[in-house]
Amino acid sequence: MYDLRVLRDDLDMLRDRLGPRGKDVAWEDLRRLTEDRRARTVQVEDLRHQLKKGSEEVARLKRDKQPAEDAMAAMKALGETIKGYEEQLRLVEEQLAHVALRMPNLPHSSVPEGQDAADNVEVRRWGTPPSLSGPAQSHWDLGEALGILDFDRAVRMAKARFAVLTGMGARLERALINYMLDMHTTQHGYREVLPPLLVNRATMTGTGQLPKFEDDLFQLRDEELFLIPTAEVPLTNLHREELLAEETLPVRYTAYTPCFRREAGSYGKDTRGLIRLHQFNKVELVVFTKAEHSYEELERLTAHAEAILQGLGLHYRVITLCRGDMGFSAAKTYDIEVWLPSQKVFREISSCSNFEAFQARRANIRWRPKAGKKDAKSEFVHTLNGSGLAVGRTLVAILENYQQPDGTVSIPPALQPYMGGLERIRKE
RNA sequence: GGAGGGGUGACGGAGUGGCCGAACGUGCCGGUCUUGAAAACCGGAGACGGGGUAACCUGUCCGCGAGUUCAAAUCUCGCCCCCUCCGCCA
C-alpha cells in the first residue's frame, strides 16, 4: 500500500520504478481516481463545513428564542445534498482502494533488474557440498527406507502434499524447531511467541496476503477465518493499529508455527517428498524497526537465519531476488538456498525481506518519537521477516547431506543434544 | 450457546442531543525552586487527512457500520470485542 500522495503526485515515477512488477496495475484508472478523489473530497468538506456552521446558527437562534424554522429547513436541504455527494465520493474511494491494495511494493534501488529466477544474483556461498562416496539418494527414498517418512498414509487420511513423520523423523523435526528457537532467543535477541494459527481478514490484509492472494489460503467454512500461510502474518499483526515507543525499537519476535498453503498454481512441481506441502513447519523471524535502520536490520536478520545453517554444517548460498522474482509486499529479498546433493541444486530454505512501510501502512503500525523531541510526528515502522528456517526443508537437507553409504543418516553434532544424544538414525 | 454489564485520548476515568476534541487524574514536555535529582508550583501538548509558498483555513475520528435529527460520544438498529454468571468442553 502506498501513501495516497505518492499515488497522486509521483505516479509516473512509481510506474517507471515498478517496471515489470506494475504490468497488472490499471495506471490510467489510478490517475483518474486520485484526481477525482481529491476534487470530491474538497467539495464534500466544504459542504460539511457549511452544514456545521448552519447548525450552530440554529442552536444560537434557539438559545435566543428566535424563530429557527427557515434555517432548519435550509440545513435539511443541504444535508440531503451532502448525502448525494458523499455517496459518489465513497464509490470513488472504494475503486481507488481496490486498485491500490493490489499494487505490489516498490523494489529498493539495490534490487537487480530482471524478469524471473534466472536473473537473481548470488551474493555469497558458505561451506562445501558433502563428499559422498556414491550417488546421493533422495530424502524420500532415504526417509521411507529408514521408516521415518510416510507419504502414502498421509494421502489416505488427507490428500497429496501432506506427509507423516514418525519415530526419529518426528523427533528430528522437533529437535530442529527447538534448536532454531533456542538460538534465536538466546543468541540473537528475539522474543518467542506462540500465536494463533487462524486469523481474520483484517490481519491477512495487513501483511498483504489479501485481497490479492485469497486463492492461496485455506479458509474456514463457517466463519471468516483463514489458516496462516506463515507466522509472518500473526507476528507482524501483533502490533496492528499500535503506536510503538521509540525506545522499544527494534522489536524482534520469533515463532514456530505450522504453515498452511493451498499451493494453487504449483501443479506438477515438487510432487514428491517434503519440499512443497500444504502443511509444513517453520520458525519465523520478524523485526519492527525505524526506517533508517531497516536495511542494516535486513542484513542482520539474514545472518541470523544463516547462523542456523552454519551451526548444522549445511552448504548454502545467498541470492538477491531480482525485481521480477520478488514477492508482492517486499522491497528487497534475500533467499537462502541450501544444497541438496540428490538433485545437485540449491533449494530455497529461507526468504528474508524488508517490506519497508508497505505492511505498516496497511496495518497502521507506527512508532512515537521519544517524548521531548520538537515537532515529533509518529512515523510508520519498517517491517522485516525471514524464515529461520523452514523446518521440513532443513530436515530434507540433513537427510540428504548427512546420508551414509549404508543408508543411515548421521546427526550434526549441534543437534545431538536435542536428539537425546543420538548420533545416527538407523532403520527402525 | 444463554443472561447481564461494558467498549471514550499514551494510560486510568467523567461526560444532560447543541457552548465537547472531549472534565479530572497518571504519564509526557518546558519553566520556577535545587549543586543535581525528587517533591511542590506555573505553563504546554490528541491522532489522521485535505487546501495553501506561508501565516493560516478546513474535514474526519469517543469499538465498527447503518439510521433518526438542522445538529450525535450522547437516541435507535445491526455487527465485533471485553468482563461477570450459567451451560458445554481439552
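Taking the conditions (1) among the aliphatic types (A, V, I, L, M); (2) within 30 Å of A:N364 (Cα to Cα); (3) surrounded by 16 or more Cβ atoms within 10 Å (Cβ to Cβ) in turn, A:V42 satisfies each one other than (3). When A:A117 is tested against (1) within 16 Å of RNA strand B (Cβ to nearest atom); (2) touching a Gly at 6+ places or on another chain (Cβ under 9 Å); (3) within 25 Å of A:G19 (Cβ to Cβ), only condition (1) is not met.
Within the group A:N105, A:N120, which residue is in contact with a Pro (Cβ under 8 Å, 6 or more places away or on another chain) and of a type outside the set (F, W, Y)? Even if it seems obvious, please write down each step before you answer.
Working: A:N105 fails: in contact with a Pro (Cβ under 8 Å, 6 or more places away or on another chain).
After ruling out the rest, the residue left standing is A:N120.
Quick check on my filter: what residues within region A:261-285 are modelled with pLDDT under 95 and either closer than 30 Å to A:W367 by Cβ or within 15 Å of the chain's Cα centre (by Cα) (or both)? Correct list: A:R261 only. Taking region A:198-242 as the range and being in contact (Cβ under 8 Å) with a residue 24 or more places away in the chain and among the polar types (S, T, N, Q) as the test, the residues that pass are A:N200, A:T203, A:T205, A:T207, A:Q209, A:T230, A:T236, A:N237. Considering (1) in a loop (DSSP other than H, G, I, E, B); (2) within 30 Å of A:I411 (Cα to Cα), the lone condition that A:A305 does not fulfil carries the number (1).
The residue that is farthest from the chain's Cα centre (by Cα), among those in region A:292-328 that are among the polar types (S, T, N, Q) and surrounded by fewer than 21 Cβ atoms within 10 Å (Cβ to Cβ), is A:Q310. Tell me yes or no: at least one residue of region A:97-112 is in a helix (DSSP H, G or I) and within 12 Å of RNA strand B (Cβ to nearest atom). Checked region A:97-112: no residue is in a helix (DSSP H, G or I) and within 12 Å of RNA strand B (Cβ to nearest atom).
Has region A:374-384 got any residue that is within 16 Å of RNA strand B (Cβ to nearest atom) and among the hydroxyl-bearing types (S, T, Y)? Yes, region A:374-384 contains a residue that is within 16 Å of RNA strand B (Cβ to nearest atom) and among the hydroxyl-bearing types (S, T, Y).
Here is a yes/no grid of residues against (1) loosely packed, with under 13 Cβ neighbours inside 10 Å; (2) within 23 Å of the chain's Cα centre (by Cα):
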site: A:E94; (1), (2): yes, no
site: A:V99; (1), (2): no, yes
site: A:Q115; (1), (2): yes, yes
site: A:N120; (1), (2): no, yes
site: A:L142; (1), (2): no, no
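Within region A:1-15, the residues that satisfy the criterion of being more than 9 Å from RNA strand B (Cβ to nearest atom) and closer than 18 Å to A:A331 by Cβ are A:M1, A:Y2, A:V6, A:L7, A:D10, A:M13, A:L14, A:R15. Working only within region A:37-51, note down all residues that are more than 44 Å from the chain's Cα centre (by Cα) and within 7 Å of RNA strand B (Cβ to nearest atom). Passing the criteria: only A:L51.
Scanning region A:179-193 for residues that are under 20 Å from the mean Cα position of the chain (by Cα) and surrounded by fewer than 17 Cβ atoms within 10 Å (Cβ to Cβ) yields A:R191, A:E192, A:V193.
Among the residues of region A:144-159, just one is surrounded by fewer than 18 Cβ atoms within 10 Å (Cβ to Cβ), small (G, A, S) and within 31 Å of the chain's Cα centre (by Cα), namely A:A158. Within the option set A:R393, A:R426, A:R323, A:R347, being of a type in the set (K, R), within 26 Å of A:D119 (Cα to Cα), out of contact with any strand residue (DSSP E or B) (no Cβ under 7 Å at 6 or more places or on another chain) and away from RNA strand B (no atom under 16 Å from the Cβ) holds for one residue only, A:R323. Number of residues in region A:66-79 that are in contact (Cβ under 8 Å) with a residue 24 or more places away in the chain and near RNA strand B (Cβ under 6 Å from one of its atoms) equals 2. So A:E93 ticks every box in (1) closer than 13 Å to A:L321 by Cβ; (2) touching a residue at least 24 places away in the same chain (Cβ under 8 Å) but one. Which box is left unticked? Every condition holds for A:E93 apart from (1).
Restricting to region A:101-113, name every residue that is surrounded by 13 or more Cβ atoms within 10 Å (Cβ to Cβ) and not polar (S, T, N, Q).
Our first condition is that a residue be surrounded by 13 or more Cβ atoms within 10 Å (Cβ to Cβ); within region A:101-113, this holds for A:101-108, A:111-112.
Those that are surrounded by 13 or more Cβ atoms within 10 Å (Cβ to Cβ) and not polar (S, T, N, Q): A:L101, A:R102, A:M103, A:P104, A:L106, A:P107, A:H108, A:V111, A:P112.
Restricted to region A:160-252, the set of helices (runs of 4 or more DSSP H) holding at least 3 residues that are β-branched (V, I, T) comprises A:168-186, A:201-207.
Mind listing whichever residues of region A:16-36 are within 16 Å of RNA strand B (Cβ to nearest atom) and not aliphatic (A, V, I, L, M)? A:R31, A:R32, A:T34, A:E35, A:D36 - these are the residues of region A:16-36 that are within 16 Å of RNA strand B (Cβ to nearest atom) and not aliphatic (A, V, I, L, M).
A:L18 falls short of the stated requirement of being over 26 Å from A:D116 (Cα atoms) and touching a residue at least 24 places away in the same chain (Cβ under 8 Å).
Can you say whether A:S55 is more than 33 Å from the chain's Cα centre (by Cα) and either under 30 Å from A:G273 (Cβ atoms) or among the charged types (D, E, K, R) (or both), as far as the supplied structure shows? So A:S55 fails the test. Determine whether region A:55-65 contains at least one residue that is of a type outside the set (D, E, K, R), more than 12 Å from RNA strand B (Cβ to nearest atom) and in a helix (DSSP H, G or I). The answer is no, given that none of the residues of region A:55-65 is of a type outside the set (D, E, K, R), more than 12 Å from RNA strand B (Cβ to nearest atom) and in a helix (DSSP H, G or I).
The values are calculated or read from the model by the stated rules, or taken from the named source; none is laboratory data. Treat the numbers as computed from the prediction; the structure is a model and nothing was measured. For neighbour counting, all protein chains shown are included, and Cβ atoms are generated from backbone atoms with ideal geometry for every residue, glycine included.
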